[in-house]
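Remarks on the structure that follows.
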Amino acid sequence: MNRYAEDIADYQLADYQQAARALLKHPFISRAFPDEKTIGRIRRFSATLALDMREAFGYQLIIRGDTARLLRVKDRLDPTQPALTRTGRRFGRRQYAYLSLLTALLARTGIQTTVRDLAGLLKADANRIAGLGFDDDDHEQRRAFVDTVSWLEERGVLHTADGSSDAWLSDPDSHDALYDVDRDALFALWRSRVMLQTVSGVRELLGERVASDSESVLRERAGQAARRALVESPVAYFAEHPEPVVNFLRGRPIADDLERLTGLVFERRREGVLLVDNARLSVEAFPREGAVANAALLVLVAACDLHIDPDRDTAERDLPAWRGEALERAMDEAIPIETRFAAGSDAAPDPAPPAEPDTIVTRPYLDDRQLHDEFIDIMQRYPKNFGRDHHAAPMRLLTEALDLLERFRLVRRVEGGIVLEPLAGRYRDTVFRKRSRDQ
């Protein structure tokens with residue numbers, strides 16, 4: 001008997017799995033984002049999706065009008081999934097701050113607004129916040145504002161009726177843009193599982209509070225955490241998770257459950273497990289075409305070869321299996337003291353459970369000099385696979401390649417170099433084809 005997609009007929013299963021993957025990939029879906037067809041698929045299977053998402057992962061699916069929002073449980077911080085501008089740049093602190101303010105401001109506007117009006121409202125609020133501010137005469141601050149507005153446009157919260165925010169960016173005195181505001185999309189976008197005004201630290205946003213300590217409840221929560229680990233990350237390494245979660249990751253039922261639910265292939269390795277992304281569950285793919293992806297794959301293969309070469313001196317390094325604790329601490333320290341929730345208030349939440357103690361693992365280590373030498377050799381051996389700009393600035397290409405490998409949990413940057421994660425071995429025997437002159 002199937003545990004998930006229980007009432008889905010065999011001829012509907014592929015469509016259902018496509019809807020489930022879309023929801024896991026895009027937890028916010030509107031009539032325009034990620035495309036016009038996805039919301040229809042979600043609505044078609046809404047009852048079964050809501051049940052399966054809750055039981056499998058502890059997620060809550062909310063559908064309002066032409067908007068679907070999946071309220072996810074995040075067990076740990078993930079620096080590899082930032083908000084991005086239309087040109088692929090990561091949001092900075094200013095963009096995130098403007099985004100929070102703009103969603104609050106839009107809740108107080110009517111069904112239409114203009115980019116000029118939004119800029120004026122943002123200026124009034126941002127200039128009351130020390131260290132933030134907004135000056136529409138400053139091009140960089142104006143760019144951060146337009147990045148935020150464009151992000152809301154892309155997700156269908158704002159629909160352009162006339163004009164362009166890019167034109168306003170270039171000349172705010174001569175141009176404007178008129179927007180229709182999708183209220184359903186707006187209110188679904190920032191719906192939270194917790195009362196944000198009571199949060200005093202990052203850990204209060206992570207994990208799920210368990211109301212009962214009964215064995216059955218704890219076992220159910222461990223199973224949900226195990227399934228979340230596989231759909232939220234390219235790989236789930238055993239060393240990163242507590243024993244109850246690892247027991248589920250090692251078991252057979254989780255493979256059957258997730259293959260049935262997502263249509264992806266479950267793969268076991270000695271150090272962990274993963275879902276082979278043969279249907280683009282993740283926002284980006286690897287391996288793939290393109291100079292950065294080619295460079296990343298070549299660097300990865302060269303690093304693996306270097307480590308197993310008996311004639312080369314290689315090193316290993318001990319380090320924590322998961323580096324999230326330092327990131328949590330850095331984010332907590334960045335919260336202005338005057339905005340932190342008073343712990344003595346009657347409305348204060350229960351303290352978050354302490355983080356699991358770090359497990360120390362040993363990983364192959366390559367220093368920066370080895371990496372640079374190997375990459376220069378790669379550029380010389382595969383000159384036609386990279387453009388003139390890449391040959392002019394090879395270290396910039398190497399940095400972008402390492403960024404990509406780190407996002408897919410294949411390497412990790414450490415002081416003085418990188419370490420290879422276990423999943424890197426999956427690509428060790430990759431054969432790379434040189435481009436000929438006419439390709």
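For region 202-276, calculate the relative contact order in percent as a whole number, restricting contacts to Cα pairs under 8 Å that are 6 or more residues apart.
29 percent
What 222 nm value per residue comes from the helices of the chain, counting each DSSP H run with n ≥ 4 as -39,500 (n - 2.57) and dividing by all residues, nearest 500 deg cm²/dmol?
Dividing the helical sum by the residues of the chain leaves -13000 deg cm²/dmol.
Of the peptides 143-156, 315-328, how do they stack up when ordered by the mean number of other Cβ atoms within 10 Å, highest first?
The packing order, highest mean first, is 143-156, 315-328.
Can you list the DSSP H helices in the chain whose Cα atoms extend at least 24 Å along the helix axis and whose mean Kyte-Doolittle hydropathy is -1.0 or higher?
Within the chain the helices that satisfy the rule are 215-232, 291-308.
Using the Cα centre of region 93-189 as the reference point, and only Cβ charges (+1 on K/R, -1 on D/E), how large is the resulting charge dipole? Debye, rounded to the nearest 20.
With only Lys, Arg, Asp and Glu charged at Cβ, the dipole is about 500 debye.
Stick to Cα atoms and the Kirkwood definition of Rh, then tell me Rg/Rh for region 47-100.
Ratio value, two decimals: 1.09.
Evaluate the charge dipole of the chain about its Cα centre and quote only its size in Debye, nearest 20, assuming +1 on the Cβ of each Lys and Arg and -1 on the Cβ of each Asp and Glu.
About 860 debye.
Which ordering of Leu49, Leu132, Leu298 is given by a fewest-first count of other beta-carbon atoms within 10 Å?
Ascending Cβ contact count within 10 Å gives the list Leu132, Leu298, Leu49.
For region 10-71, rounded, prolate or oblate, judged on the Cα gyration tensor with a ≥ b ≥ c (square roots of eigenvalues), a/c < 1.5 rounded, else prolate if a/b > b/c?
Judged from the Cα gyration tensor, region 10-71 comes out oblate (a/c at least 1.5, b/c at or above a/b).
If only Cα atoms are counted, what is the Rg of region 93-189, and what is its Dmax, in Å?
Gyration radius and largest Cα-Cα distance of region 93-189: 12.2, 34 Å.
FYI, it's all coordinate maths here, none of it is from the lab. These numbers come from a predicted model, not from an experiment. All Cβ positions, even for glycine, are placed from backbone atoms using ideal geometry, and neighbour counts span all protein chains on display.
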